[in-house]
Amino acid sequence: MAVFNAMETIVMNLFDEFQKNYEMKCDCTTCKEDVFALVLNKIPPRYTSSEKGQLFVKGLYINPQLQSDVMRELMEAANIVEHHQHHREESQS
Ligand SMILES: [Zn+2]
């Protein structure tokens with residue numbers, strides 16, 4: 001039995017959209033992953049079985065409320081990451 005968090009797919013897709021309108025100060029993989037992780041920690045997970053997964057993700061993805069929630073979290077997370085660029089402060093962590 002396999003389950004996955006549908007929000008991972010949704011956040012990943014919306015992150016692409018987000019980056020078309022917002023230029024992050026640093027767009028290295030570390031910063032992107034930090035943003036991605038922060039958002040996923042803030043947004044409640046929606047687990048689904050892999051069998052129903054695609055439909056479930058589609059159903060969530062077209063929800064405008066959910067989209068704007070994710071976009072808002074992406075904006076917040078991008079700001080946080082830009083002010084704490086962990087990968088450049090390795091000695092402090
Ligand atoms: Zn970076």
Q. Cβ-Cβ below 9 Å, separation at least six or inter-chain, first residue in the stretch 8-26 and assigned to a helix (DSSP H, G or I), second of a type in the set (Ser, Thr, Tyr) and at pLDDT below 95: which pairs?
A. Thr9/Tyr61; Ile10/Tyr61; Asn13/Tyr61; Leu14/Tyr61
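Just to verify a result, which residue in the stretch 43-58, among those that are of a type in the set (D, E, K, R) and open to solvent by 100 Å² or more (accessible area, probe 1.4 Å), is nearest to Met12 (Cα to Cα)? Full working, then the answer.
Kept after step one, since they are of a type in the set (D, E, K, R), are these residues of the stretch 43-58: 46, 51-52, 58.
Restricting the remaining residues to those that are open to solvent by 100 Å² or more (accessible area, probe 1.4 Å) gives 51-52, 58.
Details: Glu51: 20, Lys52: 19, Lys58: 13 Å.
Looking at residues that are of a type in the set (D, E, K, R) and open to solvent by 100 Å² or more (accessible area, probe 1.4 Å), I get Lys58.
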Q) Considering only the stretch 46-65, how many residues are in a loop (DSSP other than H, G, I, E, B) and more than 18 Å from Met1 (Cα to Cα)? A) 2
Q: Please work out if Tyr61 is open to solvent by 60 Å² or more (accessible area, probe 1.4 Å), touching a helix residue (DSSP H, G or I) at 6+ places or on another chain (Cβ under 6 Å) and not charged (D, E, K, R).
A: yes
(Q) Out of the residues in the stretch 6-34 meeting the condition of being surrounded by 13 or more Cβ atoms within 10 Å (Cβ to Cβ), more than 16 Å from the ligand (Cβ to nearest atom) and charged (D, E, K, R), tell me which one is nearest to Leu60 (Cα to Cα). (A) Glu8
Q: Check the stretch 83-90 and report whether any residue there is outside any helix (DSSP H, G or I), touching a Phe, Trp or Tyr at 6+ places or on another chain (Cβ under 7 Å) and not acidic (Asp, Glu).
A: no
Q: Inspect all residues belonging to the stretch 35-42 and state whether any of them is over 22 Å from His84 (Cα atoms) and open to solvent by 70 Å² or more (accessible area, probe 1.4 Å).
A: no
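The values are calculated or read from the model by the stated rules, or taken from the named source; none is laboratory data. Note that the structure is predicted; figures quoted are calculated from it, not measured. Cβ: placed from backbone, ideal geometry, glycine included. Neighbour counts: every protein chain shown. Ligands, DNA and RNA are stripped out before the accessible areas are found, and what is left, the full protein with its side chains, is counted by its heavy atoms. Shrake-Rupley method; radii C 1.70, N 1.55, O 1.52, S 1.80 Å.
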